[in-house]
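Note sheet for the following structure.
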Amino acid sequence: MTHASLLRQITDFANRANPYPLYEELRKKPVLHEEEGGPYVISSYWDIESLLHDPRISSDFTNLVASGDDELSGPEATGLPPSFIRLDPPEHDRLRRIANSSFGPPHQPTRIDSMRGELARIVADLIDGFGDARQIDLVDQFAYPFPVTVICRLLGVPREDEPRFRAWVDPIVAGLDPDTRTSAESERTAQEARLQLGMYLNGLVEQRAREPRDDMLSDLVNSHGPDGAMTTMEVLSTAVLLLIAGHETTVNLIANGMLTLLRHPKYLQRLRDDPGLSVKIVEELLRYEPPVQLVPQRTCIADIEVRGVTIPKGSRIWLVLAAGNRDPERFKEPDRFDPDREDIQHLGFGSGIHTCFGAPLARLEAQIALSELARRLDNPRLVEDPPPYRQNAVLRGPSHLNIAFDDLR
């Protein structure tokens, strides 16, 4: 295998089911630069961790476009201003602080934890919905609808509107896949869905400005802290960020999680016997099978030296989180799934100022989902291994996960 072919192999759909041997090869050259104008690819844990904290690495989408965009680094394409994950300080910090004031500590310390009962009810309803079937597609029937329902409840979307909301989400999320972006019809459908969703959310924003409620959208609209208030467009952009970024990653975390547990039945049985093990299992899953495999949306705004290699100002940088998570310099026996690890300081949610904003909610969703699936599915087993995967090399997960079982507990 030559280094010149490595990046193309990593992004090749043919290798989506198991990219980890390629990541192992990639780590042999921790700073890979295959061609003039191409990205610098970073794959070791400590280098990725350091660069995620380096202010010379920009997340601003205008710098990314100026450096030469590529198929993995497309904009959010919502017709709204960029969300704070595509901005640098100080604007990033201002918007994130306002958003966080309505999402968690210290201003709303119980918002996520108080959703525990609601999340459990949603999970129970979805599992009950399997009915008398003894084979399900876990993605279509569980992992996909669960996060959308949760985000609707978090934002304050009326329950009677949830079906409409999901109908708009489906084509928007499908449009994130590089494979479907090439279809003119899918792009038209996604564009129409974005327009309809934007109009709907704008109506909710206007309503919450007049009549605030106990939901996140009301908090965003009526925030008047030291950072001031978000504009209407900033509120809409943040709401769409929660919807899209929070949805796709959680789908993959749950689907990858159940796939891994079915491949490691010892831990599935332990989880059935002890639901509290879900905390350790989810953390190890975020290391072992992270839903975000790589971060391609970064640009150098100054010369940076990594392992003796100077990365010039203006260059694109790809940070391969999944390779860092299996770096033997950081983790003992990194290719072994082991929830009993004493130290699982993974890169599954990134690090630094752009650490995943929705991490507390994603963790709780996955813990409840996996522990309930383990408890209620009697003798679950994979129908197909490996399952079919989504095209996307960044947000990696099964497109379908067919599971057979004997009964529902």
Legend entry - Count of the stretch 394-409 residues which are modelled with pLDDT under 95, open to solvent by 10 Å² or more (accessible area, probe 1.4 Å) and under 20 Å from the mean Cα position of the chain (by Cα): 3
Inset, instruction - Give, as residue ranges, the strands (runs of 3 or more DSSP E) completely inside the stretch 304-358 that count at least 2 residues that are open to solvent by 20 Å² or more (accessible area, probe 1.4 Å). - result: 309-311
Legend entry - Close pairs from the stretch 11-32: first farther than 24 Å from ASN252 by Cα, partner part of a loop (DSSP other than H, G, I, E, B), Cβ under 7 Å, at least 6 apart: GLU25/MET1; ARG27/SER43; ARG27/SER44; ARG27/ASP327; PRO30/SER43; PRO30/SER44; PRO30/ARG307; VAL31/ARG307
Inset, instruction - Select from the stretch 25-44 the residues that are of a type in the set (Asp, Glu) and not in a loop (DSSP other than H, G, I, E, B) and list them in ascending order. - result: GLU25
Inset, instruction - Note down all Cβ pairs under 8 Å where the first residue falls in the stretch 375-389 and is at pLDDT 95 or above, the second is of a type in the set (Phe, Trp, Tyr), and they're at least six residues apart or on different chains. - result: LEU377/PHE405; ASP378/PHE405; ASN379/PHE405; PRO380/PHE405; ARG381/PHE405; TYR389/PHE13
Legend entry - Number of the exception - SER67 against (1) at pLDDT below 95; (2) surrounded by 20 or more Cβ atoms within 10 Å (Cβ to Cβ); (3) in contact with a Phe, Trp or Tyr (Cβ under 9 Å, 6 or more places away or on another chain): (3)
Inset, instruction - Could you check how many residues of the stretch 14-33 are open to solvent by 60 Å² or more (accessible area, probe 1.4 Å) and touching a helix residue (DSSP H, G or I) at 6+ places or on another chain (Cβ under 6 Å)? - result: 1
Legend entry - LEU204 within 10 Å of LEU155 (Cβ to Cβ) and touching a helix residue (DSSP H, G or I) at 6+ places or on another chain (Cβ under 8 Å): yes
Inset, instruction - Within the stretch 218-259, track down each residue that is part of a helix (DSSP H, G or I) and without any contact (Cβ under 8 Å) to a residue 40 or more places away in the chain. - result: VAL221, THR232, VAL235
Inset, instruction - Kindly indicate whether any position in the stretch 260-283 is open to solvent by 40 Å² or more (accessible area, probe 1.4 Å), over 16 Å from ARG375 (Cα atoms) and in a helix (DSSP H, G or I). - result: yes
Inset, instruction - Inspect all residues belonging to the stretch 149-170 and state whether any of them is outside any helix (DSSP H, G or I) and open to solvent by 50 Å² or more (accessible area, probe 1.4 Å). - result: no
Legend entry - Residues satisfying the stated conditions in the stretch 260-300, i.e. touching a Gly at 6+ places or on another chain (Cβ under 9 Å), aliphatic (A, V, I, L, M) and modelled with pLDDT of 95 or more: ILE281, VAL282, LEU285, LEU286
Inset, instruction - Pairs only if they're at least six apart or on different chains, beta carbon under 9 angstrom, first in the stretch 110-123 and surrounded by 18 or more Cβ atoms within 10 Å (Cβ to Cβ), second assigned to a loop (DSSP other than H, G, I, E, B) and of a type in the set (S, T, N, Q); list them, first residue then second. - result: ARG111/SER102
Inset, instruction - Quick one: in the stretch 196-232, of everything that is within 27 Å of the chain's Cα centre (by Cα) and open to solvent by 90 Å² or more (accessible area, probe 1.4 Å), which residue is nearest to SER83 (Cα to Cα)? - result: MET199
Legend entry - Any chance ASP47 is under 23 Å from the mean Cα position of the chain (by Cα) and either outside any loop (DSSP other than H, G, I, E, B) or free of Cβ contacts under 8 Å to residues at least 24 places away in the same chain (or both): yes
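The values are calculated or read from the model by the stated rules, or taken from the named source; none is laboratory data. Everything quoted here is computed from the prediction, not taken from an experiment. We place every Cβ from the backbone using ideal geometry, glycine too, and count neighbours over all the protein chains shown. These area figures cover heavy atoms from the full protein model, side chains too; ligands, DNA and RNA do not enter into them. Shrake-Rupley method; radii C 1.70, N 1.55, O 1.52, S 1.80 Å.
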